[in-house]
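Read the structure below first, then the notes.
The values are calculated or read from the model by the stated rules, or taken from the named source; none is laboratory data. Here the structure is a predicted model, which is why all the values come from computation and not from measurement. For neighbour counting, all protein chains shown are included, and Cβ atoms are generated from backbone atoms with ideal geometry for every residue, glycine included. Note: areas computed on protein heavy atoms with side chains; ligands, DNA, RNA excluded. Shrake-Rupley method; radii C 1.70, N 1.55, O 1.52, S 1.80 Å.
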Amino acid sequence: MTAKRRGAQLGMLAFAVLIVMGAYASVGLGINGKVPSGMLGYGLGLGGLMLAAYLVLARWAPWADPLLLPLVTLVNGIGLVMIYRIELAGERLASAASQLMWTALGVVMFSATLIALRDHRVLQRLTYTAGFAGLGLLVLPMLPFIGREINGARIWVGVGPFSIQPAEFAKLALVVFFAGYLVAKRDVLALAGRRLLFIDLPRARDLGPIVITWVISLGVLVLQKDLGSSLLLFGAFIVMLYIATQRTSWVLIGILLFIGGAFVAGQIFSHVEARFDVWLHAEDQRLYTAVGGSEQLMQGQFAMGSGGILGTGLGQGYPYRIPLSFSDFIFPAVGEELGLTGLMAILMVYALIVERGLRTALAARDPFTKLLAGGLSFILAWQVFIIVGGVTRLIPLTGLVTPFMSAGGSALLANWMLIALLVRMSDAARRPPPQAIQDEGMTQVMQR
Amino acid sequence: MSELTLLLIRLAFLAVLWFFVIAAVGVIRTDLFGPRTAPAPARKPVKQPRPVSKPKKGEPRQLIVTGGPLQGTIINLTETPITIGRANDATLVLSDDYASSRHARLFPQDGQWIVEDLGSTNGTFLERSKVTRPTPVPLGVPIRIGKTVIELRK
């Protein structure tokens, strides 16, 4: 039924790279009326990288979804352009060259995952290993000597001159663990247990390991003041339980737990309370001028406001006025220069990536693949929701990267790995089933 | 660089960005609405044979899918047999786990349409009874193939 559609993929990939090169040129024209000299270098660099990724994909996952790679290329490229633009404006910490290098490493990671992992179902055998690995990665920054504290959050591990955020990789490992565990236990989780009021409660021994993992991971994240990641894991946990058991009660329990948790956290931890304050009273003059106050959030809102419907045009706004405009706040920065029209296009691209992931989950033939693909697509969507909701003040701001766009190596590597896993699963799901050879007499021979 | 040029570049960039999104949706359209090739080949041959052999009164002219994922699909009947199954070259391509790749065949004979099961795994049903040998199909009697139900209409 499904065709490989390699031509469409290559065409869309070239299209994405061309858009990114156009964006580079537009930045140069907007800032000083010249096409920037580095454009060809960056454009060819990105194009070469994506061609390499395409060749790996065509060789090792020929049936994979044709859209995942081009869509990711576009958001990654727009992020690169934005970081380049903010660097040109004189922001010291933004570095397009280092982001391009991390993108290259991301593509290497993508290729390595595709080549090494020929069949994603081996991950099912590593369920508990993945669970322990995820917890280990989360705890890593708390250890002395290698753990580093940057900007008040102890979520970094120093390796020589680089620092990486192990939590980014931990969430992949934990999703693998949740998927493997839930596949094994979903029937007992859904059917065995008592009914309390109108909610079906599963037996404690079935739920034990997963709740313990979840509590430990959340506890570690709260202690590290990494609110974004804890929210991310919480959502992933609830949604995967829901996918596995098909019980609406889980969503209900999840929302109740979340409201309770947020309330308690707001009472206990001062940094959580501060986030709520900034969210609710961002326009307050006192909060605006306070250290760690609402200045960043309001600058982001001003930027999106001045961008309006059509934006100021690339290179013609003032996105560098937002603190951390190249990482956490890249979304309002893009909003200022491309306007609501551009932001919606980018959100559509994210939505399409997630749609391809969920489609893979639907088309998958075994429950483990379904859960893993559903969980991975969900954490991508949830990540976008948390950060975009945060910067637009729909929900309190929690520091999370915008996938593929924000400056930040670990997140880029982890998200490229996530895409590699989705590509691997879509390859398995779209590959035509082996057909029985007709007229073979009494026994039927299956051919691959 | 004049203001106007910059404005044009800005608008062109946004337009191209959205064109990319639309192109991407175009690539996945087949996923959402099923392959468009299924009814199309049936439509073309209709034009030539129609003047030659006009269907007589009381003869079915259309095959309508009344149940299943393809509900609402209409295939105009001509002299050519209609194949149904999951295979790509079937006239009505089903994406149904319960259908075989070459599931059943409908062909005209002496002014009647005959349904024949092509050795499918889950069988073809004319009304309630399983089709074991080529059987004539009266007008408006449901034929069930997997989750799909089809009928002949005037």
**Message:** Please report Rg (one decimal) and Dmax (integer) in Å for the Cα set of segment A:1-101.
**Reply:** 15.1, 53
**Asked** Using r as the Cβ-Cβ distance of B:Ser129 and A:Leu310, and R0 as 56 Å, what FRET efficiency do you calculate, to the nearest 0.05?
**Response** 0.30
**Message:** Less than 12 Å Cβ to Cβ from A:Ala61, Lys/Arg counted +1 and Asp/Glu -1: what total charge do the surrounding residues give?
**Reply:** +4
**Request:** Across segment A:6-430, how many lysine pairs, 8 or more positions apart or on different chains, have C-alpha atoms separated by under 27 Å? Please give the number.
**Result:** 4
**Item:** Cleavage-rule hits (GluC sites (Glu not before Pro)) in segment B:53-137: DSSP loop, at most 16 neighbouring Cβ within 10 angstrom
**Value:** B:Glu79, B:Glu127
**Asked** Can you pull the accessible area of A:Thr402 for me, 1.4 Å probe, Å² to the nearest 10?
**Response** 0 Å²
**Asked** Just counting partner chain Cβ atoms within 10 Å, what average do the residues of peptide A:308-317 show around their Cβ?
**Response** 3
**Request:** Could you give me the radius of gyration and the Dmax of segment A:6-430, taking only the C-alpha atoms into account and expressing both in angstrom?
**Result:** 21.5, 70
**Request:** Compute the accessible area per residue over segment A:6-430, keeping the other protein chains in place, probe 1.4 Å, unit Å².
**Result:** 40 Å²
**Request:** Would you jot down the residues in segment A:13-61 that end up with at least 40 Å² less accessible area in the complete protein assembly than in the chain alone, with a 1.4 Å probe?
**Result:** A:Phe15, A:Ile19, A:Leu29
**Asked** When the Cα centres of segment A:325-382 and segment B:77-154 are compared, how far apart do they sit, in Å?
**Response** 42 Å
**Prompt:** For B:4-10, what's the mean count of beta carbons from other chains sitting within 10 Å of each residue's beta carbon?
**Reply:** 5
**Request:** Counting only GluC sites (Glu not before Pro) that are in a DSSP loop and have at most 14 other C-beta atoms within 10 Å, tell me the longest site-free stretch of chain A.
**Result:** A:1-282
**Request:** Multiply the residue gap between A:Phe132 and A:Phe269 by 0.36 nm, knock off their C-alpha separation, and tell me the result in nm, one decimal place.
**Result:** 46.6 nm
**Item:** Per-residue SASA entry for A:Val17, accessible area with 1.4 Å probe, Å² rounded to 10
**Value:** 20 Å²
**Request:** For chain A, calculate the relative contact order in percent as a whole number, restricting contacts to Cα pairs under 8 Å that are 6 or more residues apart.
**Result:** 21 percent
